[in-house]
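To start, the structure itself, in structure tokens.
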Amino acid sequence: MSDVTIDDLPVRDELRGKSPYGAPQLDVPVRLNTNENPYPLPEALVERITERVREAARHLNRYPDRDAVELRTRLAEYLTRTAGHPVGVERVWAANGSNEVIQQLLQTFGGPGRTAIGFEPSYSMHALIARATNTGWIPGPRDEDFTIDLAAAERAIAEHRPDVVFITTPNNPTGTAVPRETVLALYEAAQAARPSMVVVDEAYVEFSHGDSLLPLLEGRPHLVVSRTMSKAFGAAGLRLGYLAADPAVVDAVQLVRLPYHLSAVTQATALAALEHTDTLLGYVEQLKAERDRLVAELRGAGYQVTESDANFVQFGRFEDAHAVWRRILDRGVLVRDNGVPGWLRVTAGTPAENDAFLDAVRELKKERY
Ligand code: PMP
């Protein structure tokens, strides 16, 4: 054993005393804490992945396609089909999860001496990746009901003139959708202030009541829409995220991507998954119905719930949210404490998992939590 700690190492000053991203990975019967899709991949897809990976394995002596052209073409087709708007391969870029997409964007458009803003509470990795890329982070405002107050957000953009603006819709952890007009107004505000890049994080868009903002890309070269196969596609373990933007943005992120960043195995697996898009997305309607059931039953049980357009629900309010998180865990159900005072978040799971969660929180209500 070594008794050297991080503090003994010459790590960068801005990383000193900080903690890594850490959603608990606990072995409990019901895990509803990281917004995954609860359904395993269908057997036919497992077979197809195996075939494609076996084929890829024959060529592992060679580096993979550095530009992942076939994969990006299939992703572009998926976007074109679902957004009802033509998206060409030259507008699509892929990486290891949308976290890596965001990292590449901040490496390209953020960095030392530059800043990024997000409207908090929101996805905590935006701020953490900003820190890791030495980009200054500006916590932007949100209203009491977790919507974005346009006037306040515009003021923050005008005041700070950030280089990158993050808009997460539906937002994590609150589930709140951002109206299209708000995104358009914030884009204009960001252009007037600097101009800055506006990154719309649509990780949960397939669960939304509204449409994707992809059609807004036309004529807006500073707009980026970021997506993932981790949620609606049910492939969090695959690590595949992607973006759609002006072709110039795709050229720009290639300045920072590591060569061959998407392994041949990842590309083969993602291509197999994209052959089964309809089956994978078949769970989306069911998960949306389960989300709506969670909202209704939580309200029925006397909890407050934030309107959700995602596959999760924020519920409260608690004097001590962490104590309630612990009590739910004691009943075998893992939900998420995102550190939003008074609130917890639960991911829509299978009907049986959601029942276990609802039983647990109803019991707590009896104990006056
Ligand atoms: N954006 C948002 C809003 C998220 O909630 C997440 C995952 N929790 C991600 C991006 C990153 O997902 P991934 O890296 O798995 O694509």
Legend entry - Enumerated helices (runs of 4 or more DSSP H) restricted to the range 97-162, each holding at least 2 residues that are away from the ligand (no atom under 16 Å from the Cβ): 97-109, 150-160
Inset, instruction - May I ask you to list the residues in the range 260-304 that are in contact with a strand residue (DSSP E or B) (Cβ under 7 Å, 6 or more places away or on another chain) and surrounded by 18 or more Cβ atoms within 10 Å (Cβ to Cβ)? - result: Leu262, Arg291, Leu294, Val295, Leu298, Tyr303
Inset, instruction - Tell me which residues, restricted to the range 308-327, are surrounded by fewer than 23 Cβ atoms within 10 Å (Cβ to Cβ) and under 17 Å from Asn35 (Cα atoms). - result: Asp309, Trp325
Inset, instruction - Would you mention how many residues in the range 30-72 are aromatic (Phe, Trp, Tyr) and either under 21 Å from Ala310 (Cβ atoms) or not in a loop (DSSP other than H, G, I, E, B) (or both)? - result: 1
Legend entry - From the options Ala132, Ala83, residue that is farther than 30 Å from Arg12 by Cα and of a type in the set (A, V, I, L, M): Ala83
Legend entry - Residue in the range 151-178 that is nearest to Val225 (Cα to Cα), counting only those that are among the aliphatic types (A, V, I, L, M) and crowded, with 17+ Cβ neighbours inside 10 Å: Ile167
Legend entry - Criterion violated by Leu41 - all others in (1) surrounded by 10 or more Cβ atoms within 10 Å (Cβ to Cβ); (2) free of Cβ contacts under 8 Å to residues at least 40 places away in the same chain satisfied: (2)
Inset, instruction - For the range 107-115, state whether one or more residues are without any contact (Cβ under 8 Å) to a residue 24 or more places away in the chain and assigned by TED's automatic domain parsing to the domain that holds Ser226. - result: yes
Legend entry - Within the range 319-358, considering residues that are assigned to a loop (DSSP other than H, G, I, E, B) and of a type in the set (S, T, N, Q), the one farthest from Tyr283 (Cα to Cα): Asn338
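The values are calculated or read from the model by the stated rules, or taken from the named source; none is laboratory data. The structure presented is a predicted model; accordingly, all values stated were derived computationally and were not measured. Cβ sites come from the backbone with ideal geometry, for glycine too, and all protein chains shown count toward neighbours.
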